[in-house]
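Notes for the one structure printed next.
The values are calculated or read from the model by the stated rules, or taken from the named source; none is laboratory data. Since we're looking at a predicted model, the values are computed, not measured. Methodologically, a virtual Cβ is constructed for each residue, glycine included, from the backbone with ideal geometry; neighbour enumeration extends over all protein chains shown.
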Amino acid sequence: MSGARRKARILALQVLYEVDSSSHEWQPTLERAIEEGNLGKEGEGLARLILADVMAHRDEADELIATHAPQHPVTQLSAVDRNILRIAICEISFNNRTPPKVAINEAVEIAKVFGSDTLHRFVNGVLGSVMAATVPKA
């Protein structure tokens, strides 16, 4: 996956983290992050799409997390963990721009950088379960 696409996902994660951790609105937070982020056109467009998808489908994504990780209540997940899952779930379940396996791989790689030592395994398991339940078999 291109570096611009991963940068866009990371920027989206950072915006979602700030929104979850403060009373900031997502659109102005995104605009500020884009100004500071040096993403280029492709990355900027993807970051906007990811954020719009997550904000539009956040409740549905949280329901999928609750269904596929019932022992980990969404409200008790860290903001990083919760938002890595939200981004990938939206890419897997609510748009057709990214192949599901690519979305999972990207989430796992981002979890390795921003999460705890075991987060990437948790993310992989939850997203694999979500994909199996929501993506039609070819």
How about the stretch 1-59: which of its residues are in contact (Cβ under 8 Å) with a residue 60 or more places away in the chain and of a type outside the set (Gly, Ala, Ser)?
Met1, Arg5, Arg6, Arg9, Ile10, Leu13, Leu16, Tyr17, Asp20
Looking only at residues that are surrounded by fewer than 15 Cβ atoms within 10 Å (Cβ to Cβ) and either out of contact with any helix residue (DSSP H, G or I) (no Cβ under 8 Å at 6 or more places or on another chain) or among the aliphatic types (A, V, I, L, M) (or both) in the stretch 88-100, which one is farthest from Arg121 (Cα to Cα)?
Asn96
2 or more residues at pLDDT 95 or above and not polar (S, T, N, Q): qualifying helices (runs of 4 or more DSSP H) within the stretch 7-117:
40-68, 79-93, 100-114
Where the second residue is assigned to a loop (DSSP other than H, G, I, E, B) and not small (Gly, Ala, Ser) and the first is under 15 Å from Gln71 (Cβ atoms) and lies in the stretch 113-130, which pairs have Cβ atoms under 9 Å and are six or more apart or on separate chains?
Phe122/His72; Val126/His72
The listed residue being over 13 Å from the mean Cα position of the chain (by Cα), surrounded by 13 or more Cβ atoms within 10 Å (Cβ to Cβ), under 26 Å from Ser116 (Cβ atoms) and of a type in the set (A, V, I, L, M, F, W, C), out of Leu77, Leu85, Leu51, Leu39
Leu77
